[in-house]
């Protein structure tokens, strides 16, 4: 009964908060410009190499033959192409390692701005590789673009979460995912033969990377730095107040400043620990387990296997081979629409129902897809059911491995069910809660309360400030 009363009170507070918080031009502009020059480029570079792959391989062969007087070997070509594709991820790993130091020294906004230097350098290298006759330029450019992606996907979520009021944090956080999907779709679209996916024009696909980079370089300086960064790292309260006022579109930002100062006090009194110490810490045990399980399900739930099977599934449905690239655009479109839908409803439904529902629906459609693929020769309509299942799984979202033929999807279905059940049992709702309140929600399950700053009292102070404001 108490739980229901508490939930009803939280829903009332949520309704009041939504009425109080509003979208401003600065808030929307910062999120769109930040994402266009960052997560959009990451998504674009995930898909942009697919369409021109035959022409790039032909370029590798021609370049090799000009230097060595003989065609490139099949194994060597496979190795070079695999390196071209995978080195993007290696660069991303490097980017995630360096972003912490850069972000602390320069700030979130300046990190995003400086990061555009990597994007421009990579675009020039890759776009000029064909004219220079050096395939190494393309590989190095992919690596540098990976560094850009690693920095962007670390700095952008920090920037968006720190500039957003807690009532809008979920919607703004989804902007990163939406622009990744739009980037993937744009790469697929521009790679069509009617646009830039031709032998004579494929270098322009990489030159297009400079458009979002220069757009961000020209517009992001006009927008404010993260107010929480100004408070936490620069101890610039006056600058933080001005940033809050610009982002929220009102003069009275005392409540937001007090909440940020409360977080800052906890932040200053928190001792940094190693990964091993974190695993042993009773105050964070269930938080760590929940993060690990959620991310494991995210990586292993099977979307990569879906991408692997897409062409064969569409071919089995009777779609001509030359039309499959156009039909494949529907997968990018569905992914984008699903991400936009999630961003629109996340503040109403909460994070928890979307996570549980997404994994649950994926499990359902993976099971249906397994049956459809196994029985696709039994009736003419079954292959079309496979297409529907593919689009439905993508709409429900995630990624993972291959190699058990059609029955691999049962493995992914099991992963999705496990993730959904765990999240249902353990994960609290985070909608309209501060980080202190989220920690408090886990404290009961941990059977241990963090000693620093009595987080509970901070939460009560924040709530009382909210009522008086």
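The values are calculated or read from the model by the stated rules, or taken from the named source; none is laboratory data. If you're wondering where the values come from, they're calculated on a predicted model, not measured in any experiment. All Cβ positions, even for glycine, are placed from backbone atoms using ideal geometry, and neighbour counts span all protein chains on display.
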Counting just the residues of segment 76-90 that are free of Cβ contacts under 8 Å to residues at least 60 places away in the same chain and under 14 Å from residue 150 (Cα atoms), which one comes out surrounded by the fewest Cβ atoms within 10 Å (Cβ to Cβ)? 86
Quick one: in segment 308-323, of everything that is crowded, with 17+ Cβ neighbours inside 10 Å and in a helix (DSSP H, G or I), which residue is modelled with the lowest pLDDT? 309
Determine if segment 206-222 includes at least one residue that is within 30 Å of residue 22 (Cβ to Cβ), at pLDDT 85 or above and not in a helix (DSSP H, G or I). no
Cβ pairs under 6 Å, 6+ apart or interchain, first in segment 91-105 and over 17 Å from residue 157 (Cα atoms), second assigned to a helix (DSSP H, G or I) and at pLDDT 85 or above, ordered by first then second residue, are 91/143; 91/146; 91/147; 94/147
So which residues in segment 197-221 are over 22 Å from the mean Cα position of the chain (by Cα) and without any contact (Cβ under 8 Å) to a residue 24 or more places away in the chain? 200, 201, 218
Looking only at residues that are at pLDDT 85 or above and exposed (fewer than 13 other Cβ atoms within 10 Å of the Cβ) in segment 59-73, which one is farthest from residue 153 (Cα to Cα)? 70
When segment 235-251 is checked residue by residue, the ones that are outside any helix (DSSP H, G or I) and either touching a residue at least 60 places away in the same chain (Cβ under 8 Å) or in contact with a strand residue (DSSP E or B) (Cβ under 9 Å, 6 or more places away or on another chain) (or both) are 249
For residue 349, indicate whether it is within 23 Å of residue 175 (Cα to Cα), in contact with a helix residue (DSSP H, G or I) (Cβ under 6 Å, 6 or more places away or on another chain), at pLDDT 70 or above and surrounded by fewer than 17 Cβ atoms within 10 Å (Cβ to Cβ). no
Quick one: count up the residues across segment 167-196 that are assigned to a loop (DSSP other than H, G, I, E, B) and touching a helix residue (DSSP H, G or I) at 6+ places or on another chain (Cβ under 6 Å). 2
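Results for (1) buried (at least 18 other Cβ atoms within 10 Å of the Cβ); (2) more than 27 Å from residue 175 (Cα to Cα); (3) within 20 Å of the chain's Cα centre (by Cα); (4) at pLDDT below 70, shown as yes or no for each residue.
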site: 334; (1), (2), (3), (4): yes, no, yes, no
site: 358; (1), (2), (3), (4): yes, no, yes, no
site: 370; (1), (2), (3), (4): yes, yes, no, no
site: 387; (1), (2), (3), (4): yes, yes, no, no
site: 394; (1), (2), (3), (4): yes, no, yes, yes
